């Protein structure tokens with residue numbers, strides 16, 4: 001009960017930008033700015049871990065071996081006026097069969113995980129896409145990342161998007 005978590009943005013360190021000022025100019029430019037932003041993100045992640053703020057991981061662990069929470073909401077989403085639904089598929093326990101409940105929607109299929117421990121191969125991405133195609137027609141399927149990649153080092157994120165594009169191309173070329 002009363003597990004802590006973070007919602008919203010965190011302050012920029014004073015070495016990166018003037019503290020406590022909305023839209024403060026950056027203290028770096030170009031590649032130095034990119035590296036500084038990556039350092040700041042990594043520092044905040046470490047601060048959160050050190051403080052014991054890991055509710056998101058505990059929540060995912062509590063969902064068990066299959067994340068079926070979408071089963072209840074997908075029929076309502078399918079009936080509403082939105083056009084697309086995004087689903088975390090890479091490295092998650094979401095049963096891909098639940099995409100079959102979205103008969104009238106475009107489905108964004110998270111085909112690369114938002115983790116810094118590895119870059120998926122194009123073949124792994126293609127396998128996720130092909131698995132999703134068992135439940136969603138290719139014309140309504142959009143391979144994407146599971147979520148934003150802000151907390152991931154730049155080079156790893158770049159590798160992931162390259163694998164995403166190459167994996168989607170493998171599948172397209174086989175159709």
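The values are calculated or read from the model by the stated rules, or taken from the named source; none is laboratory data. Quick caveat: nothing in here was measured; it's all calculated off a predicted structure. We place every Cβ from the backbone using ideal geometry, glycine too, and count neighbours over all the protein chains shown.
Structure summary
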| read-out | value |
| --- | --- |
| Of all residues in the stretch 150-161 being without any contact (Cβ under 8 Å) to a residue 40 or more places away in the chain and surrounded by fewer than 20 Cβ atoms within 10 Å (Cβ to Cβ), the one that is farthest from residue 134 (Cα to Cα) | 155 |
| Candidate set from the stretch 129-148 (those that are closer than 10 Å to residue 164 by Cβ and in a strand (DSSP E or B)); member that is farthest from the chain's Cα centre (by Cα) | 143 |
| Positions within the stretch 87-128 being part of a helix (DSSP H, G or I) and either out of contact with any strand residue (DSSP E or B) (no Cβ under 6 Å at 6 or more places or on another chain) or in contact (Cβ under 8 Å) with a residue 40 or more places away in the chain (or both), in sequence order | 96, 97, 98, 100, 101, 122, 123, 124, 125, 126, 127 |
| Test: residue in the stretch 72-80 that is touching a strand residue (DSSP E or B) at 6+ places or on another chain (Cβ under 7 Å), under 28 Å from residue 159 (Cα atoms) and surrounded by 15 or more Cβ atoms within 10 Å (Cβ to Cβ) | no |
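To keep it simple, each residue is scored yes or no on (1) modelled with pLDDT of 95 or more; (2) under 18 Å from residue 73 (Cβ atoms).
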{"site": "94", "(1), (2)": "no, yes"}
{"site": "106", "(1), (2)": "no, yes"}
{"site": "110", "(1), (2)": "no, yes"}
{"site": "121", "(1), (2)": "yes, no"}
{"site": "127", "(1), (2)": "yes, no"}
{"site": "141", "(1), (2)": "no, no"}
{"site": "152", "(1), (2)": "no, no"}
